[in-house]
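Chemist: First the structure, which I've put down as structure tokens, then a few questions once you've had a look.
The values are calculated or read from the model by the stated rules, or taken from the named source; none is laboratory data. Note that the coordinates shown come from a computational prediction; the quantities given were computed from them, not determined experimentally. Don't worry about glycine lacking a Cβ; one is built from the backbone with ideal geometry, like all the others, and counts go over all protein chains shown. Only protein heavy atoms, including side chains, enter the accessible area calculation; ligands, DNA and RNA are left aside. Shrake-Rupley method; radii C 1.70, N 1.55, O 1.52, S 1.80 Å.
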Amino acid sequence: AVRAIDPDATLIVESNHMDAPCAFSYLSPLDMDNVVYEVHMYDPGTFTHQGVKPGDPLGQTYPGLMDDGVRLDREWLRAQLAPVRDFQLKHHARIFVGEFSAICWGKGADAYIRDCIALFEEYGWDWCYHAFREWGGWSVEREGPEAQPLVPAADTPRKQALLEGLRRD
């Protein structure tokens with residue numbers, strides 16, 4: 001229907017499963033030109049979303065060991081993004097990381113952001129951070145040990161990691 005109105009419009013397509021990287025293992029590409037496939041990167045949720053909801057466990061660090069003893073680091077992130085990379089290469093697809101982030105009180109959130117951006121850049125993916133000046137837990141201009149109270153911060157390690165990534169482009 002969009003093509004009937006505007007045959008040149010860029011279409012952005014999200015997968016299911018909240019646009020998680022794993023969904024790209026069974027996503028079928030559209031048989032048309034000028035399509036961008038969007039992914040969201042919040043793996044592992046035990047790090048990126050720790051303490052977001054009352055009762056959610058806190059304390060996962062990046063890099064670090066997960067509860068199952070698996071090392072959480074850039075290579076682990078690479079493995080989680082592998083279905084997207086495989087899809088990109090197999091179908092010559094353009095990839096857009098429409099959301100990625102780590103909660104501001106997560107120890108090592110700046111390293112997580114840096115490693116994500118490094119992988120996105122390595123793969124030639126476009127990306128944007130979630131979310132600038134939205135809820136304080138995602139903001140790179142807020143800090144605190146947990147959801148309340150978050151206080152304004154002119155500069156944070158997460159903000160520096162994001163700015164470094166933005167300067168690359």
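Chemist: Can you pull out the residues in region 83-119 that are without any contact (Cβ under 8 Å) to a residue 24 or more places away in the chain and assigned to a helix (DSSP H, G or I)?
Modeler: Once the filter is applied, which keeps residues that are without any contact (Cβ under 8 Å) to a residue 24 or more places away in the chain and assigned to a helix (DSSP H, G or I), region 83-119 yields 89, 90.
Chemist: Among the listed residues 137, 69, identify the single one that is open to solvent by less than 90 Å² (accessible area, probe 1.4 Å) and at positive phi.
Modeler: 69
Chemist: Looking for something open to solvent by 40 Å² or more (accessible area, probe 1.4 Å) and among the small types (Gly, Ala, Ser) - is there at least one such residue anywhere in region 12-21?
Modeler: The answer is no, given that none of the residues of region 12-21 is open to solvent by 40 Å² or more (accessible area, probe 1.4 Å) and among the small types (Gly, Ala, Ser).
Chemist: Continuing with the same structure: Checking the structure you have, find out if any residue of region 132-155 is within 28 Å of residue 80 (Cα to Cα) and in a helix (DSSP H, G or I).
Modeler: no
Residues are listed down the side, and each one gets a yes or a no for (1) farther than 19 Å from residue 115 by Cα; (2) among the hydrophobic types (A, V, I, L, M, F, W, C); (3) out of contact with any Gly (no Cβ under 8 Å at 6 or more places or on another chain):
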| position | (1), (2), (3) |
| --- | --- |
| 21 | no, no, yes |
| 34 | yes, no, yes |
| 37 | yes, no, yes |
| 40 | no, no, no |
| 44 | no, no, yes |
| 47 | no, yes, no |
| 57 | yes, no, no |
| 63 | no, no, no |
| 66 | no, yes, yes |
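Chemist: Also, quick follow-up: Take the residues of region 72-81 that are assigned to a helix (DSSP H, G or I) and in contact (Cβ under 8 Å) with a residue 40 or more places away in the chain: which is most open to solvent (accessible area, probe 1.4 Å)?
Modeler: 74
Chemist: Within region 101-117, restricting attention to residues that are open to solvent by less than 20 Å² (accessible area, probe 1.4 Å) and among the aliphatic types (A, V, I, L, M), which residue is farthest from residue 40 (Cα to Cα)?
Modeler: 109
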